[in-house]
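Here's the structure we're looking at; comments come further down.
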Amino acid sequence: MRWVSASIGKLLLALLCLSLLDILVTVPVYEANPITLYLWGRIGVFLSALLKIGLVLLFAVLCQLTKMAATSTEWAFSRRLLEGILFLLVAFYVFVVLWNTALLVSIKL
């Protein structure tokens, strides 16, 4: 079976959309991540949401800088590495969004 890789741009866009969805469907009362709870207590929910989106955009800038600085052979390795990292992040955020959505629906019922 042949591995078909998605482009970095598509994965970054998916990660950004999933981050936005995560922000929209998160139920603060049932948040279990201690780092998120700490950030909410220190800087607030709105600024921590902006921080989360900013980190995704910073990762996109770092991907672009890597592409500009690498030679063709270095870029082939770097691209595969970045795609792997992005694939794991997208898979994690799909799980988080589905979990938060199920939690939100069960609370509404």
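Observations, loosely collected:
Matching residues to (1) hydrophobic (A, V, I, L, M, F, W, C); (2) farther than 16 Å from residue 18 by Cα; (3) at pLDDT 95 or above:
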site: 31; (1), (2), (3): no, yes, no
site: 39; (1), (2), (3): yes, yes, no
site: 42; (1), (2), (3): no, yes, no
site: 45; (1), (2), (3): yes, yes, no
site: 49; (1), (2), (3): yes, no, no
site: 52; (1), (2), (3): no, no, no
site: 63; (1), (2), (3): yes, yes, no
site: 73; (1), (2), (3): no, yes, no
site: 77; (1), (2), (3): yes, yes, no
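- Meets criteria (surrounded by 11 or more Cβ atoms within 10 Å (Cβ to Cβ) and of a type in the set (A, V, I, L, M, F, W, C)) for residue 18: yes
- Of all residues in the range 3-35, those being in contact with a helix residue (DSSP H, G or I) (Cβ under 6 Å, 6 or more places away or on another chain), of a type in the set (A, V, I, L, M, F, W, C) and in contact (Cβ under 8 Å) with a residue 40 or more places away in the chain number 10.
- Yes/no for residue 91 being surrounded by 14 or more Cβ atoms within 10 Å (Cβ to Cβ), of a type in the set (A, V, I, L, M, F, W, C) and at pLDDT 90 or above: no
The values are calculated or read from the model by the stated rules, or taken from the named source; none is laboratory data. What you see is a predicted model; the values in this text were computed from it and never measured. A quick note on method: Cβ atoms are made from the backbone with ideal geometry, for glycine too, and the neighbour counts reach across all protein chains shown.
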